[in-house]
1. Tell me which residues come under 5 Å, amide H to amide H, from SER51 once H is placed; ignore anything under 5 positions away on its chain.
2. For the residues HIS107, HIS147, what sequence is obtained by ranking on other C-beta atoms within 10 Å, fewest first?
3. What are the membrane-span-like helices in the chain by this rule: whole DSSP H runs, Cα extent along the axis at least 20 Å, mean Kyte-Doolittle hydropathy at least 0.5?
4. GLY76: net charge of surrounding residues, Cβ under 15 Å, Lys/Arg +1, Asp/Glu -1, itself excluded?
5. Return the aspartates and glutamates within reach of LYS172: Cα separation strictly under 17 angstrom, same-chain partners fewer than 8 residues apart disregarded; answer none if there are no such residues.
6. Are there trypsin sites (Lys or Arg not before Pro) in the stretch 14-67 that DSSP marks as loop and that have at most 15 other Cβ atoms within 10 Å, and which are they?
Amino acid sequence: MSYAEMNEAIFRLINDLGKQFTWLNPISVVTAEYTVYALALSMLVYWFSKSRENRIMVLNAGIAFIIAELFGKLAGQLYFNNQPFFELANVNQLVERSVDNSFPSDHTILFFSICFSYFLMQTNKFRWIWPVVAICVGLSRILVGVHYPGDVLVGAILGIGAAALVYAVRAKVPLVEPLLTIYEKVEKSVLPPSWRPANPGPGFKANKQ
């Protein structure tokens, strides 16, 4: 079985679930389209949580996303496929999209790079929710008919790889701390003391230098 045949077969297996279990459709749409706002909110909450380590985590996540997205654009130059709803018949398409190259999934890159950055830096027992969220979003992009499994898989690999790279490099070389220090000096002159970040709280991995 070729890659294209396997990609289509797995897509059908997942996408057809919405035809068999219609209650999945609204959940898939919300997860695929609106979870991104919750992710953005999480970054704002962490940034203004008064924890410097939270801010470093957010910056690391942002850097990981940029790296993963750059590699994603390169991958998109090397391989091309349109969205499944355009190429295949009888797709359970739940959202509207313009037709272009869907490889790899930008949504998946975004969620895996940021969620796995959160996962790597946190140590509390709730950190496992982030990989679960990323996986659910990736699957939802297939369920709504806008991505093949291959689009999602490559996006996930790029996101995880970038998050792991930034985390590993930061353990040896401070990436964002100097810039954050400059930013916080400016912030202190503008914001009242109650808004200023405190020392890192429990539940986060310390930077080993």
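1. Amide H neighbours of SER51: ALA198.
2. Working: HIS107 22, HIS147 31.
In order of increasing Cβ crowding within 10 Å: HIS107, HIS147.
3. 24-47, 52-78, 106-121, 129-143, 149-172
4. Working: positive: LYS73; negative: GLU69, ASP100, ASP106, ASP151.
Every neighbour counted, the sum reads -3.
5. Result set, ordered by chain and number: GLU53.
6. On the way: sites: LYS19, LYS50, ARG52, ARG55; in loops: LYS50.
Those satisfying the criteria are LYS50.
Bear in mind that the values in this text are calculations on the coordinates, not laboratory data. Worth saying up front: this structure is predicted, and the values here are computed from it rather than measured. FYI the Cβ positions are ideal-geometry reconstructions off the backbone, even for glycines, and counts take in every protein chain you see.
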